[in-house]
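Working notes, beginning with the structure itself.
The values are calculated or read from the model by the stated rules, or taken from the named source; none is laboratory data. Quick caveat: nothing in here was measured; it's all calculated off a predicted structure. Cβ sites come from the backbone with ideal geometry, for glycine too, and all protein chains shown count toward neighbours. Side chains are part of the model used for accessible areas, which takes the heavy atoms of the whole protein and leaves out ligands, DNA and RNA. Shrake-Rupley method; radii C 1.70, N 1.55, O 1.52, S 1.80 Å.
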Amino acid sequence: MNEYPSDYHRRLPYGERMSADPVLGGPFFPFEGDLQVVPLAEPVLPEPPRAGEPEAGPCPTCVDPEKDAIWADQQWVLKAIQPSGLPMVALMVPREHFRLDELPAELTATLGPMIQRTAGAIRRIPGVGRTHFNRWGDGSEHFHIWFLARPLGMMQLRGAMIAAWDDLLPSIPDDEFLANARTVAAALAETSGEPLGKGLGE
């Protein structure tokens, strides 16, 4: 690629391996030793379409809106992701297909309260210390927020690397996953919506 879209892009050392030293030894970084960073790849322009964008075909969230769902109301659906090395990894999506910048005002007004409610519901799982939540928008156009349950006392799991720890830790047993999902769904249903049996193994 000969032309880059910005000065930022032009400065980057494509094809080179950067040192892992800035992250090695950090309190939340789960790796040590002779860690190699993959060479930095050239930007892909135009970017490939995300799931749910017209060029990529039908939105998988819209095709099967209740896949992995454990709770829903008229606006939002909460999905529990399995397998998981954490007590709970969940995905909150609007029932209708919107990007973040397209969310209508009435839905945006409920987003903050839903984040609070979901974080609180996940903390009801025995042994959960905190609920982390993140928004990554590169996999799917359909707006979604990730929720990750940090186990109580597991201080290495703080911060952004909790998603990597989820992949590294042994998956929780199916019966524990279902018990945790039912705890979260019941807690949310105390205010609105209802548990969904499909994601709860019913």
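Miscellaneous remarks
- Qualifying trypsin sites (Lys or Arg not before Pro) for the range 2-43 [loop in DSSP, other Cβ within 10 Å: at most 14]: 17
- Whether the chain is rounded, prolate or oblate, judged on the alpha carbon gyration tensor where a/c under 1.5 counts as rounded: oblate
- For the range 53-182, the carbon plus sulfur part of the accessible surface works out to 55%, probe radius 1.4 Å.
- The range 81-150 shape via C-alpha gyration tensor axes, a/c threshold 1.5: oblate
- What you get for the range 72-202, charging only the Cβ of Lys and Arg (+1) and of Asp and Glu (-1), is a dipole of about 460 debye around the Cα centre.
- The chain: relative contact order as a whole-number percent, Cα under 8 Å and 6+ apart: 25
- Environment charge of residue 17, counting only residues whose C-beta is closer than 15 Å and scoring Lys/Arg +1, Asp/Glu -1: -4
- Overall form of the range 142-201 per C-alpha gyration tensor (a/c, 1.5; a/b vs b/c): prolate
- Note on the chain: dipole from Cβ charges, positive end direction compared against 56, 107, 181; the farthest Cα belongs to 181.
- Only helices enter this figure: runs of n ≥ 4 DSSP H residues, each worth -39500 (n - 2.57), summed and divided by the residues of the chain, yield -7500 deg cm²/dmol at 222 nm to the nearest 500.
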